[in-house]
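The values are calculated or read from the model by the stated rules, or taken from the named source; none is laboratory data. No experiment lies behind these values; they were computed from the predicted model shown. Positions of Cβ are backbone-derived with ideal geometry, glycine not excepted, and every protein chain shown enters the neighbour counts.
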Amino acid sequence: MKLWEYVIHADKIFDLTRPEKVQAWWRELSWGPLGDWPVANNWRSNVLALRSLAARLKRRKLPRSRRPVSMKERVSEVDAIGRGYVGKMKRSLIYEQSSPQLPLSASNFKGVWNLPTYKLPEPMKLDAEGTKTIDRMAVDPFSDPGWWGSMLARATGNPASLWANDADVFWQLVFDSLFDENSFVPVFCGSCGDSLGTFTDGGRQKRRRETCKACQQRAWFKKQPVATRRAKWRKDDHKKQERKKGSKR
Ligand SMILES: [Zn+2]
């Protein structure tokens, strides 16, 4: 699932307009923030905006209880929320990490993506006099190795983290995945919510697969007749006993 679809899916289960439900969802997610991370004041309107845009742009049928009723009359406000987050992103040339100094070539050039930006703790000077400053910075997916990991980091001191500054980066990625068909934002497992990455091994962009391998296996196993399942349990149990014996020796 694309990120926006995954959030709509989680909203169906949890109702993400309610702060305590958002925190329950975060606790289940492997990439949710740690502890009692506060749900920002603008979170609710962002969820309502996402419902409204998913219904209008993607023709998503939402359950009655998840219709963006309270924002029905304020569609321009809703659209401004989506526009605002996409406006924070920076269109950037992407080339592979190992070759930043090499001239661009067919093998190191990866395309042009909208990257999320995060607010710097202090404005950064671009010249000695400090007349030119920037206060936002784009995440750099290749010269900052493991950028996705560090954005997902539960450590909340990191301004580039998904959840810092009222989940600023998270919402940029959600709306980018909705508006841009070729968004680089990874796809997610609709069952456990784990990230499945952006590209296939062949370098193609991932799109269709809805669940991860582990969840597919679990679902397959559940459909098997009881006898097959019992046989597997017995086998697993036998293996466990063997391991126990082994560790006693
Ligand atoms: Zn899964």
If I filter segment 138-145 for residues that are at pLDDT 80 or above, more than 16 Å from the ligand (Cβ to nearest atom) and part of a loop (DSSP other than H, G, I, E, B), do I get at least one hit? yes
Out of all the residues in segment 162-180, is one or more modelled with pLDDT under 85 and not acidic (Asp, Glu)? no
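Quick one: would you say residue 22 is closer than 24 Å to residue 192 by Cβ and assigned to a helix (DSSP H, G or I)? Step through it out loud before you land on a result.
Details: closer than 24 Å to residue 192 by Cβ: yes; assigned to a helix (DSSP H, G or I): yes.
Here the answer is yes, as residue 22 does meet what is asked.
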Going through segment 107-136 in order, the residues found to be under 22 Å from residue 3 (Cα atoms) and either in contact with a Gly (Cβ under 8 Å, 6 or more places away or on another chain) or aliphatic (A, V, I, L, M) (or both) are 112, 115
Listed residues 62, 104, 57; which is surrounded by 15 or more Cβ atoms within 10 Å (Cβ to Cβ) and not polar (S, T, N, Q)? 62
Criterion violated by residue 155 - all others in (1) more than 16 Å from the ligand (Cβ to nearest atom); (2) modelled with pLDDT of 80 or more; (3) not in a helix (DSSP H, G or I) satisfied: (2)
Considering every residue within segment 65-83, establish whether at least one is closer than 30 Å to residue 135 by Cα, touching a strand residue (DSSP E or B) at 6+ places or on another chain (Cβ under 8 Å) and at pLDDT 90 or above. no
When both residues are 6+ apart or on different chains and their Cβ atoms are under 9 Å apart, which pairs have a first residue that lies in segment 119-130 and is in contact (Cβ under 8 Å) with a residue 12 or more places away in the chain, and a second that is exposed (fewer than 11 other Cβ atoms within 10 Å of the Cβ)? 123/130
Every listed condition ((1) more than 16 Å from residue 176 (Cα to Cα); (2) surrounded by fewer than 14 Cβ atoms within 10 Å (Cβ to Cβ)) holds for residue 87 save (1)
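Residue 197 - would you say it is at pLDDT 85 or above, on the phi > 0 side of the Ramachandran plot and within 16 Å of the ligand (Cβ to nearest atom)? Walk me through how you get there before you give the answer.
Working: at pLDDT 85 or above: no; on the phi > 0 side of the Ramachandran plot: yes; within 16 Å of the ligand (Cβ to nearest atom): yes.
It is false that residue 197 is at pLDDT 85 or above, on the phi > 0 side of the Ramachandran plot and within 16 Å of the ligand (Cβ to nearest atom).
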When segment 167-194 is checked residue by residue, the ones that are within 16 Å of the ligand (Cβ to nearest atom), surrounded by 19 or more Cβ atoms within 10 Å (Cβ to Cβ) and of a type in the set (Gly, Ala, Ser) are 193
